[in-house]
Every structure is written in C-alpha cells, then in structure tokens.
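Here's the structure we're looking at; comments come further down.
The values are calculated or read from the model by the stated rules, or taken from the named source; none is laboratory data. Treat the numbers as computed from the prediction; the structure is a model and nothing was measured. Here the Cβ positions follow ideal geometry from the backbone for every residue, glycine too, while neighbour counts run over all protein chains shown. In case anyone asks, the SASA skips ligands and DNA or RNA and just uses the protein heavy atoms, side chains included. Shrake-Rupley method; radii C 1.70, N 1.55, O 1.52, S 1.80 Å.
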Amino acid sequence: MTVNRYSSQAISQAPQVLRHYQAFTNAYDELVEGSSFRAHWTPLVDYLKKDTAGLIQRPLTTEESAQGRPWQLDTLPLLIDPVEWQVLERGLLQRAELLNTIVGDIYGPQRVLRELALPPALIFANPEYLVACRGYGAPDGRYLHLIAFDLGRSPDGQWRVLGNRTEAPIGLGFALENRINTARLFPDLLDEARIVRLAGFYRRFAERLTEQGRTTLAGSDALTVILSGGSAQPGYAEHAYLGQYLGYPVVEGADLTIRDGKVFLKTLDGLKPVGAIARQIESSACDPLQLAPTNAPGAAMGTAGLLNAAATGRVAVANAIGSGVVENEALMSFLPGLCQSLLGEELVLPSVATWWCGQPREAQFVMDNLEQVVLRDAFQRKPLVSSSVATYMSPDLPSANIDELRNAITHQPYNFVGKEIIRLSTAPFWSTNDTLQAAPVTLRLFVGATPDGYQLMQGGLARISTDRGDLSKDVWVSGSSAQTGAPRVAANLVSRASDRELPSRTGDDLFWLGRYLERTEGAVRTYRSLFHYVAEGGDEHALELEILTGVLVTLGHLSVRRARRAMQEGRIAVEQELWNILFDPESVDSLAKLLSNVHRTAEQVRERLSRDAWRVFQGLDETQHLRWRVHTINDAMQLLNDLVMRLSAASGQVADNMTRGYGWRLLDLGRRIERVRLSIKVIRELCAADDPGRTAGRLHLLLDIQDSVITYRTRYQSAPHLTGVLDLLLLDGANPRSVMYQIERMYRHVQQMPLEDTSTGLSESQRTIFSIYNDLTLADVNKLADVISKKGVRTHLQRLLKRTETATDHLSDLINKTYFEHTLRPDR
C-alpha cells in the first residue's frame, strides 16, 4: 500500500476493506511462512497480523504536491537490526570526522596534497573545488554540519557506503515527514517496538546551529535562516517543511544583504543581523561576486559578499561553502589511507569498490574489466536532488562499445572512475495489488553536528526501486526507553521567528497572494454573472450586449476592437468571447492563468501556510485542469460555482489559521486593495453614466458581481434603486463588500505595521487612507446619484471614484516602497 505524496487529498481505504482484506492477509502469510523474517521484524509482523483491517481502514493524509517531491512513500517501514545499527553508527561518525578534516585540510594547509596521500589532480580538476574558498576558516573547525550517507547492503549482509553528500544534503525534511506519516499509521507500534524518536536529533542539531550563529561577530541576537533557491528549486518543499518545523525563516539570496562585512536579513522592520545560514543551494551559487559569473546558472540565488562574510567568521554557513569537494566518487578509494593518515584509525565501514583512472594501474584494471564495472564521469556535477537507487546501479556515460570506452580512458584517464557493480539486498514493499514484493533498497542516513559532537540520526530514508519508480520508506531503529519516550522540552529550545523578522520578499509574496486571491475571486464572480446574463437572454433583467461587453472592456478582459466586433455579430459572438477569456490558456485573464498566479505565489510562502491551507491552494491549482471537461454553459457555470467555493475556502483558511502578524496584515491589505479596485471599476462602468431605460438591469448585474443581492433585498425589501445600491456598495461600513469597509480595515492594518510611527503625526500611508475615508464619510449619496452633467455623467460619483482609485493605487505604491524595496523610510 503506497501513499502517493503527489496527491493533495486524504486517501481513505475504508470502503475497500472487504475487497482488500483477504489479499492483504494472504500476502502476509506468504511472506511469513514462505520466507524467514529476521528477529527485529517480529514486532511489526505481529502488529500487522492482528491489525490488518485497521491498517487498511486508517486514512492516510498526504501533504505534498508533485512539484518538489522526488518519490512516493511506501507505508511499510524498513527496520534495522540494533546490532547492525551500532556498526553503522560507529562507522558513519568516523566518516563524518574524516570528511570534515579533509575539507578543512583541502582549503587550509593542504597536507594531504603535499604528502601525496591524495592526488592533487583529483582535487584541482574537480569543479566542486572553489579556489576562492582557500583559507576559509570554519568556526570550531566544523566545515560539515550535516552529512548524508547513501548505503547499500550486499546479499552477504555487509553494509557499504555508496556515496557521501556534503554539499547541501537533501532528505532531512522528507525523513521527518515520513516518520510523521508512519506514526499516524502505527500509533501504538512505535512505543511497543521501542522505535527511537527523531525529534531529539532535530532539536540538538538546531540548538548547535543557532548557538553557533549567536557566537559569531553578528551578535547574540542574530537570526538563523534557511537559504533556499526559491520555489522553482527541486527540494523547496523540504526547505519549507524544515523552516516550519525548526522555526527558521526560509529566505532567498535577494533577501540578504552585506553591510560592513556582516550579513543582514531585509525584514519589514528593517535590517536584522544573521548569524547562521543553513545552506540549501550549491556552493558556486552562494556569491555571484566571487564564485560565479552573474550569467551563470543559479548565480542569482546567492548574495554578493557572502563568501567573505563566512570566511572572516561574521556568519556561520552550514555546510561550509565549497564542501561539495569531498562528494567526488573517485575520492572513496583513498579514504582508507586518509583515515589512517589523518585520524590514526582503520576505516570502519567500507566503500563500494572504486578505481580512479587517473592512476595507471587502476586505469588498466578498469579497461580490462569494462564489462564487470560501472564506468562513471569522475567530475560530473551531481544535482542536489539525486542518488536514486538506479544512480548506483547504472553508468553516467552513454552506452558505447568496449573499444570506444578504452580509447576515451586512454586519452583522458583522469575523467573516469570505475565502480563495482553492486547487487543490492532487497526489502519488502506493498505493491499496487496489495501484495508484498521485494525490491533493491538503499539507505540515506544523516549525521549532524550537535553540542555534544557529531550525532547519527536514529532513522533516515530508505529508497527502493520498483517497476513504477522509486519509493521512499521510513527507517526504524529500536533503542532504550530513554531514547524512545516523548521528546523533552528544553528551556533553550530554538525560539520561533517573530513576525518582525518576516523577510521583505516573503511580505511581498504574501501581499501579492492576497491581491491574486481577491483578483481571481472577483474575476470568477464577474465571469459567472456575465455568463448567466448571456445565457439567460430572456430573463426579466436582460441586458444589452453593449453593457456586458463594456464590463469586460473596463476590467481589461476584452479589447475595444473585439468588443465592437462581438456586438455586431450578436449574442453568440459575445458568448464565444467569454469562452475564450475563461478557457483559452494563452489569455492573460484565463482561469488557468489566474489560478496559476495564486498557486505560484502560495507556493513561495508555503512555510507560512498551514497544511490545510496549502491543501486548499493545491486544490485550486488542480481545478484549472478541469477546463477540458467543460463543454456546455451548464458545465461552465458548475465549474465557476465550484471555484467560488474553493476560493472562499482559501480565504477562510487564511482568516482562521494565520496569526495576526505582519504577514497576515500584508496579505489582507492586498486583498482589500484589490477589492476596492474591482468595486470602483464595475461601479463606474454600470453607474457613472445616466442610462434611465437600462438602470434596473445594470444594478442587478452590479449587485450580483459584488455578491450583495441578498444583503440588498434584506435591507431594502424592494427592487434595486441607485441611491440604495451606492450606499450599500460605497459607503456602508457594515457591508464586507463595500469600499468603506475595505478602507476601515486597511487603516487598522497600517496602524499596526512597523515603520508607520513618525514624529510628525500620521505617516503618508495613514494620511492616504484617511483622505479616502473622509471623502467617503462626507459624500452625499443623493448627490452621487442625482447630480448629472449635460453629457449624462454623474459628476460627483465620477470624481469620488477617481479620487478613491488614485489614492488606493498610491497606497499600494507606498506599501511596496516602504516594506519591499527599502527605498522609502519615514524621517530619513
């Protein structure tokens, strides 16, 4: 049974219990009776046998979307024998110390190169070796704060290290999420089987990183941040997940700046010092000034001057910039000698056999045994998200005949490395037909720097290779009761980032999420109303095509030329234009484009959203694909109704689950600004001109677009008249859809924002909002409705709408300049 991590909906197998129960039981009996379980599997086997039905019925909630998720989760965990785990722990802790020492030596005294313990060509030809990092001095000598080791077990039971991941190891967040999901599935078994909890490792790792950041030259109040490449980067889902769990802001290079050699985070409250950076981007992308040309891929991810700040001890970077140099597979054959030379110890855990062809004897061996080894590119840069099971079972190089490969090795031997063809041991997994099958398995285990030295996380990621791709498993290790109890709450637990430390970019994204959310909802409500009036041409409030197309033109959804042509051709042509606007993926106002904007912006701030809120936004993104099922007017109306409900759900999640900090205020400010802009446009289009013969139809359409039909009927209990509609939609502060209501909400938000207190009274933002408030308060609704110029224009209404629109746009610019561009500050 596999949890599809790419799904955004909860998966419940309850209706399928009767159909699957027998197959599940048969699979269990076949494995137990036809195979031999190792002793440490017994608790899980016994649990499954007595609770099979519960397992199938239990709903499995999955959190993530396909984007950023490189695999699926198999709910059957992988159990590791405690005795084997002790060997793994001793060997991996030794390797962590060894690799850390090698990195420090390569960028420092280079003893291993001078004494030829390591061929210089193997380092200097490696693209991961960064000359600019020479002399880099890491605090406390810790260059590697987190290391991931990929391991495989041969059929004889011997564990071998397949690869070292030191650049920016990925998987720590996925391992945590795997554990959370399996803990929901087996709530009692974790305690019964004494499975070691993971929380202690994360806590201790975060404690050390935070403390190290506070002991740098940045100061004791310095922040710890996660440096990400943004939502387009593979693995961003993990960055957001870890940011939520550890309480660290997830930032991008543009969020940071260097002042006087120190790193600062651009926040809504000004610049805040940064003492530690958990780096999740490649080293070469960290500093476009010293490490990569500005046009190089990924160069925009970093911050100019970051390398100098790290090298001079003004910020701790985990892992150290340039640490990917020891990921090179060719290095593995030298580790036994380096371990003896640098640590004075025998290497505990062997690596998979490796032969670097830069050495004559090894090159000859590889050429003589090309059919028995996997030939790899010695210096190919590995992506951060890689190391699937197939990675260690197949070559990097395109297939070629033996003679061509020998010729390539002869001419450029240092570019190639031969690796032993490994036959991985297998592990059970649930197949799609609810039977247990076996597949090759690899482990990814994590060693982190803690206040007590390096520590191996008592769990990790297992990956198995199946005919439908790689699956992920949770890794279980049993331990003592002291290790398996609920995690203690430490007095010095990592403090949660306050909203005053909200990065300006994140604030900008939240502001635009609010705008896109409201813009989309307003557009969907408008499209629904217009579709209704086009389709119901004979109802009592039928509108002429000129009015319908005028609304589309005013909102920017239709050009004047296309509107005229549609009116000339008749109602069918107007309907066709609506179809094009709604469902043409190339249209800037199509459903696909609007929903894409909402989802893209929500993804950029997903660490600020609750899981339920994120699921709602994922559901919105999935809705855009339903357009291919829309064939009739009724289909379109059903889709638009569904979208209104989904958008309302998104708004409700934001309203109920976001803390009332700066981020929420900016999001709501964006929504209020966008709602004012839409209201002004439709009121101007439908009410500013005197049109006695068609007033009723115009007012009905306006109330429908503004979702105020029921409110109007309840209050006035009469057919719509202009003064009542204008009062309700413009001036009534009790109506959540009115302009006055939006202005009052915006004023309360701005009052609570930082940088709004000035020595001269009201800030410019407050004065701008207050001017709109005064205009609306002093407006005479009768004059707005009745004062009409010779040209048939309601002049008082037109002027009020124009002033409100101008002031609202000015407020948007002020918010942008004050909080996002850092170009305007009060009293400066």
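General remarks:
Here's the yes/no breakdown for (1) charged (D, E, K, R); (2) more than 30 Å from residue 607 (Cβ to Cβ); (3) surrounded by 21 or more Cβ atoms within 10 Å (Cβ to Cβ); (4) out of contact with any helix residue (DSSP H, G or I) (no Cβ under 8 Å at 6 or more places or on another chain):
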{"position": "681", "(1), (2), (3), (4)": "yes, yes, no, no"}
{"position": "689", "(1), (2), (3), (4)": "no, yes, no, yes"}
{"position": "725", "(1), (2), (3), (4)": "no, yes, yes, no"}
{"position": "734", "(1), (2), (3), (4)": "no, yes, no, no"}
{"position": "744", "(1), (2), (3), (4)": "yes, yes, no, no"}
{"position": "755", "(1), (2), (3), (4)": "no, no, no, no"}
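- Of note, residue 96 does not satisfy the criterion of being open to solvent by 10 Å² or more (accessible area, probe 1.4 Å), of a type outside the set (Phe, Trp, Tyr) and closer than 27 Å to residue 350 by Cβ.
- In the stretch 171-195, the residues that are open to solvent by 10 Å² or more (accessible area, probe 1.4 Å), at pLDDT below 85 and touching a strand residue (DSSP E or B) at 6+ places or on another chain (Cβ under 7 Å): 193
- Taking the criterion of being crowded, with 19+ Cβ neighbours inside 10 Å and either of a type in the set (Ser, Thr, Tyr) or within 24 Å of residue 449 (Cβ to Cβ) (or both), the residues of the stretch 70-88 that qualify are 75, 80, 85, 88.
- Test result for residue 255, more than 17 Å from the chain's Cα centre (by Cα) and not hydroxyl-bearing (Ser, Thr, Tyr): no
- Considering (1) open to solvent by 50 Å² or more (accessible area, probe 1.4 Å); (2) modelled with pLDDT under 90, the lone condition that residue 677 does not fulfil carries the number (2).
- Test: residue in the stretch 622-631 that is over 29 Å from residue 233 (Cα atoms) and open to solvent by less than 40 Å² (accessible area, probe 1.4 Å): yes
- Checking residue 433 against (1) of a type in the set (S, T, N, Q); (2) modelled with pLDDT of 85 or more; (3) assigned to a loop (DSSP other than H, G, I, E, B), the condition it does not meet: (2)
- Among the residues of the stretch 359-380, the ones that are under 25 Å from residue 149 (Cα atoms), part of a loop (DSSP other than H, G, I, E, B) and of a type outside the set (S, T, N, Q) come to 2 in all.
- Qualifying helices (runs of 4 or more DSSP H) (wholly inside the stretch 709-782; at least 2 residues being closer than 30 Å to residue 266 by Cα and assigned by TED's automatic domain parsing to the domain that holds residue 695): 739-752, 764-778
- Candidates 445, 493 - the one that is at pLDDT 85 or above and either open to solvent by less than 30 Å² (accessible area, probe 1.4 Å) or assigned to a loop (DSSP other than H, G, I, E, B) (or both): 445
- Screening 213, 163, 137, 173 for residues that are closer than 25 Å to residue 453 by Cβ, among the small types (Gly, Ala, Ser) and in contact with a His (Cβ under 9 Å, 6 or more places away or on another chain) leaves exactly one candidate, 173.
- Residue within the stretch 706-717 that is at positive phi and in contact with a helix residue (DSSP H, G or I) (Cβ under 7 Å, 6 or more places away or on another chain) present: yes
- The residue that is modelled with the lowest pLDDT, among those in the stretch 400-430 that are among the hydrophobic types (A, V, I, L, M, F, W, C) and not in a strand (DSSP E or B), is 400.
Yes/no per residue for (1) of a type in the set (Ser, Thr, Tyr); (2) open to solvent by 30 Å² or more (accessible area, probe 1.4 Å); (3) farther than 30 Å from residue 462 by Cβ:
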position: 107; (1), (2), (3): yes, no, yes
position: 124; (1), (2), (3): no, yes, yes
position: 134; (1), (2), (3): no, yes, yes
position: 146; (1), (2), (3): no, no, no
position: 154; (1), (2), (3): yes, no, no
position: 157; (1), (2), (3): no, yes, no
position: 167; (1), (2), (3): no, no, no
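- Selection within the stretch 693-705 - touching a helix residue (DSSP H, G or I) at 6+ places or on another chain (Cβ under 7 Å) and open to solvent by 70 Å² or more (accessible area, probe 1.4 Å): none
- Given (1) of a type in the set (Phe, Trp, Tyr); (2) surrounded by fewer than 23 Cβ atoms within 10 Å (Cβ to Cβ); (3) touching a Ser or Thr at 6+ places or on another chain (Cβ under 9 Å), index of the condition residue 202 fails: (3)
- Qualifying residue in the stretch 790-798 (condition: out of contact with any Asp or Glu (no Cβ under 7 Å at 6 or more places or on another chain), basic (Lys, Arg) and either closer than 30 Å to residue 268 by Cα or part of a helix (DSSP H, G or I) (or both)): no
- Output for the stretch 222-248, where each listed residue is more than 22 Å from residue 308 (Cβ to Cβ) and assigned to a loop (DSSP other than H, G, I, E, B): 230, 231, 232, 233, 234, 235, 247, 248
- Of all residue pairs spaced 6 or more apart or on separate chains, those with beta-carbon atoms under 6 Å, a first member in the stretch 592-616 that is open to solvent by 20 Å² or more (accessible area, probe 1.4 Å) and a second member that is among the charged types (D, E, K, R) and outside any helix (DSSP H, G or I) are 611/63.
- In the stretch 409-438, of all residues being of a type outside the set (Ser, Thr, Tyr) and under 30 Å from the mean Cα position of the chain (by Cα), the one that is surrounded by the fewest Cβ atoms within 10 Å (Cβ to Cβ) corresponds to 430.
- Meets criteria (open to solvent by 70 Å² or more (accessible area, probe 1.4 Å) and in a helix (DSSP H, G or I)) for residue 806: yes
- In this structure, residue 176 does not qualify as of a type outside the set (Val, Ile, Thr), at negative phi and in contact with a Lys or Arg (Cβ under 7 Å, 6 or more places away or on another chain).
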